[in-house]
1. Is it the case, given these coordinates, that S68 is in contact with a helix residue (DSSP H, G or I) (Cβ under 9 Å, 6 or more places away or on another chain), hydroxyl-bearing (S, T, Y) and farther than 17 Å from F136 by Cα?
2. Looking only at residues in the range 101-141 that are hydroxyl-bearing (S, T, Y) and in contact (Cβ under 8 Å) with a residue 24 or more places away in the chain, which one is nearest to L158 (Cα to Cα)?
3. Return the residues of the range 141-174 that are β-branched (V, I, T) and in a helix (DSSP H, G or I); say none if nothing qualifies.
4. Considering each of Q87, Q81 in turn, give the residue that is part of a helix (DSSP H, G or I), among the polar types (S, T, N, Q) and either under 27 Å from F138 (Cα atoms) or free of Cβ contacts under 8 Å to residues at least 12 places away in the same chain (or both).
5. Tell me which residues, restricted to the range 91-135, are β-branched (V, I, T) and closer than 18 Å to M1 by Cβ.
6. Is it fair to say A125 is crowded, with 17+ Cβ neighbours inside 10 Å and at pLDDT 85 or above?
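The values are calculated or read from the model by the stated rules, or taken from the named source; none is laboratory data. Since this is a predicted model, take the numbers as computed values, not measurements. With ideal geometry, Cβ positions are generated from the backbone for all residues, glycine too; neighbour counts draw on all protein chains shown.
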Amino acid sequence: MIGLLKGVVVRSLAEMKRYLPNLLASFSIFLIIFSLIALGFDKFGQAGSETFRGTAVGYFVWIVTMSSLTNLSWTLMMDMQRGIVEQVFLSHFHPLLVYSVYQLVDALFTFPVIYLMMVLIFKMAGMSVLVHPSFFYFLVLVMLQSAGIGFALAGLTLRFKRTQAILNLVQFLVLGLLFLNSSGWKGIVIPIAPQFEAMKVAAEGGLPPISAFIASTIGTVLYITAGAVVFSIMMRSVLKRGELSTY
């Protein structure tokens with residue numbers, strides 16, 4: 001297990017170093033987009049309003065969600081093209097464990113970048129970066145729930161190989177989730193939305209209701225479990241069909 005963790009860490013560091021300009025460019029694109037949003041609010045005299053503050057939190061949640069939701073699928077597509085995915089499936093570690101460790105290490109490496117982005121976005125929105133501690137609890141839940149859904153998407157990628165259009169479509173679906181009413185028991189079924197509502201409250205220094213903690217936690221466990229099940233089903237189907245390679 002230690003060897004697996006070490007190997008994933010070495011690979012992640014090597015890829016970050018090799019593709020550092022791409023990482024910095026992605027970081028810049030997110031900030032530029034929000035800068036344009038801020039200019040739009042300022043033009044209509046709504047800079048600093050509650051709507052703008054909610055938009056800032058929503059934009060940050062969208063960034064965090066997308067970083068955890070589609071990363072594994074893109075990694076699988078590249079691994080299939082490179083021939084690395086066969087090595088993963090030939091190792092004595094279960095592929096689900098390997099890619100879970102990869103997701104965990106990737107989250108640990110990208111968290112400082114995400115936190116810096118949160119600070120910059122909040123500053124641009126005129127919001128204090130001193131948020132209620134529960135903000136980070138719901139932030140972790142967003143990342144875990146997104147990773148769970150990401151495993152389901154990775155299973156589809158493993159089975160159908162080319163899912164770029166689906167991954168692009170998911171970005172717009174996530175935006176739609178932020179506008180859904182997630183009160184009551186619906187917060188367990190609807191992903192991302194309950195965490196978003198709770199993070200808006202915590203960003204203002206308030207404590208979200210206990211129902212938000214319960215619904216978000218249960219929903220996260222359910223989506224992680226469902227994602228692992230879908231990935232395992234697709235994995236067995238691919239191995240049975242002998243379709244592990246891209247071609």
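1. No, not satisfied.
2. Y102
3. Correct list: V142, I149, T157, I166, V170, V174.
4. The match here is Q87.
5. Those that are β-branched (V, I, T) and closer than 18 Å to M1 by Cβ: V98, V101, V105.
6. no
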